[in-house]
Amino acid sequence: MLIKKVVLISQQNNSLLVYLKDLKGGFRGPLKSFVLFVLLICNFSYVSNAQEKLVGHGGPVKGLTVSNSGYLVSTSFDYSSIIWSINDMREVISLNDHLAAVNVAEFSPNEKKLVTAGDDTRVLVYDIQNPIKKSLPRELGKHLGKVSDIKFSPKGNLMATSGWGGTIIIWDMINEKKILSSNAGHKGPINSLQFSNDGKFLFSSGYDGTIRKFDIFKNTSKGIIVSHGWGINIFHIIENKNSIIYGTTDGSINIHDFKANKNILKIVDERTPVLTMCVDINRSNIAFGNAKGRVIMISLDDFSLIRDFRAAHGPVWALAFNKETTMLFVGGLDDYINQWDLVTYPQPVIVPPGPARRFNPSQLLTNGQKQFARKCSVCHTLVPDGKRRAGPTLYKVFGREAGTLEGYKFSQALLDSKIIWDDKTIHQLFTEGPDVVLPGTKMPIQRMKSSKDKIDLIKFLKEATQ
Ligand code: HEC
């Protein structure tokens, strides 16, 4: 395993450097020093393929979850769940007890139980033996509609499930009995759940565009925490950072400070529903997947964008980091699970061909507009009060000295640079690449080969940023 990492790391030094810088605490001690060590002494080139596929399912993959003891569980449209061993990427067992697509699987905190649920509305619980063996599940009960999510309370004594029938069920997992059923104040389908750290409250999001808080022991709604105009597919709350992170059906990823009641970050890929997300074990990174196969990974330390790439051919329905945050598993329309090595692949930004992101697709775009839409707009706006993106607004960038825009947190590389942005320096930035022109910059590695594209982009930028 480690040998393979050496191979990959050497292939793309620069990308790794960016990654290590951004992924504070993402690696465990020994791996980190090992990686850095390799980086310093090796300089050979290899041809390799960092992306692997876990082939086993006979239909699209809907859910992924990772256990602390090194297993990955995938659930599929093929009505089955598969338990994989992450170390050797081997299928351990497949579970075929559902009667329809399996949407979600979850381990109990002590990992003695695995619960699965899906379109057949049934919630099944398996005892997990060590080593893992096939066992018959017990049926806990049924939902009114398809089941969308399963979460255990931190201690594991309670479990909550949600459904598109509009209810949440709370289960006593010691006695495996239903305790209560509620809509928790929602109108319509409920998509996603999370217990509070003390296990007393349950947060839930739904197609009614709200994230709500529910008092489990009093069986009452504590009201709305977030209200959004569109359905909220997924969310995650980090209580000690006062953050709610959520993804919506209209294509926005939002980070909201619920104490200050203000939005910290919003990334929009218009009209492309954000379908899934995962958070790493240290809660310092988060990844989102959308309906067009795009995966966006953000650092929760400084909200910088770490990765933005096309990870699947169709919608991404499931994401999971391995425990060390060195791999990302991606499930979607493909029958297999894509495994991306985060240390080297994918590059910080891989721009897929496709329709323009921030422009009306029916509009006729000039080549310059197209270049901007595809290559820059995910991180930069062109307006003075541009919503917060990974990069600073490019409004009035021509004639500006690098790193001088007030209110944006530049890297030291930009602060120290004396570059004045103009046709020539922007051209140079994307000919040589930000990593060469501004070593240490937060801007991802990106070079543009076509000199026509560069000239058109700069012409468009000059007009649009005045
Ligand atoms: C994935 C995000 C991302 C993408 C895509 C991206 N940038 Fe950036 N850009 C950044 C970040 C982050 C910074 C700030 C760098 C720093 O502080 O080190 C930046 C800085 C800049 C700056 C310097 C601004 C200043 O005031 O000093 C320019 C110019 C720039 N980008 C232009 C572009 C152009 C043109 C494109 C498209 C070809 C582009 N960027 C694509 C993230 C991005």
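Exactly one condition in (1) under 24 Å from LYS266 (Cβ atoms); (2) touching a residue at least 60 places away in the same chain (Cβ under 8 Å); (3) of a type outside the set (D, E, K, R) is not met by PHE410; state its number.
(2)
Evaluate the following for LYS222: is it closer than 12 Å to ALA160 by Cα and assigned to a strand (DSSP E or B)?
Working: closer than 12 Å to ALA160 by Cα: no; assigned to a strand (DSSP E or B): yes.
Against the criterion (closer than 12 Å to ALA160 by Cα and assigned to a strand (DSSP E or B)), LYS222 does not qualify.
With the condition being under 24 Å from the mean Cα position of the chain (by Cα) and closer than 21 Å to GLY166 by Cβ, I'd like the strands (runs of 3 or more DSSP E) fully within the range 76-134 carrying at least 1 qualifying residues. Break it down stepwise before answering.
On the way: elements: 81-85, 90-95, 102-107, 113-118, 122-127.
Those strands (runs of 3 or more DSSP E) span 102-107, 113-118.
Quick check on the range 175-192. Is at least one of its residues in contact (Cβ under 8 Å) with a residue 24 or more places away in the chain, within 14 Å of ILE237 (Cβ to Cβ) and either among the β-branched types (Val, Ile, Thr) or in the same structural domain as ASN103 (by TED's automatic domain parsing) (or both)?
Within the range 175-192 (the criterion being in contact (Cβ under 8 Å) with a residue 24 or more places away in the chain, within 14 Å of ILE237 (Cβ to Cβ) and either among the β-branched types (Val, Ile, Thr) or in the same structural domain as ASN103 (by TED's automatic domain parsing) (or both)), the answer is yes, since at least one residue qualifies.
Residue check: is GLY391 near the ligand (Cβ under 6 Å from one of its atoms) and over 20 Å from GLN371 (Cα atoms)?
In short, no.
Look through the range 406-445, keep the residues that are near the ligand (Cβ under 6 Å from one of its atoms) and polar (S, T, N, Q), and return whichever of them is modelled with the lowest pLDDT.
Filtering the range 406-445 for residues near the ligand (Cβ under 6 Å from one of its atoms) gives 410-411, 413-414, 421, 426, 430, 441-444.
Okay, now just the ones that are also polar (S, T, N, Q), so 411, 441.
Values: SER411: 87, THR441: 84.
Applying the filter and picking the extreme gives THR441.
Would you mind stating whether VAL268 is at pLDDT below 75 and under 15 Å from the mean Cα position of the chain (by Cα)?
Considered against the rule, which asks whether it is at pLDDT below 75 and under 15 Å from the mean Cα position of the chain (by Cα), VAL268 comes out as no.
Name every residue in the range 424-456 that is among the hydrophobic types (A, V, I, L, M, F, W, C), assigned to a helix (DSSP H, G or I) and in contact (Cβ under 8 Å) with a residue 24 or more places away in the chain, in order of residue number.
ILE426, PHE430, ILE455
Limited to the range 438-463, what total is found for residues that are surrounded by 15 or more Cβ atoms within 10 Å (Cβ to Cβ) and either under 18 Å from THR381 (Cβ atoms) or in contact with a Ser or Thr (Cβ under 8 Å, 6 or more places away or on another chain) (or both)?
The total comes to 16.
The values are calculated or read from the model by the stated rules, or taken from the named source; none is laboratory data. These numbers were taken from a predicted model, which means no experiment stands behind them. Every residue, glycine among them, receives a Cβ derived from its backbone with ideal geometry; neighbour counts consider all protein chains shown.
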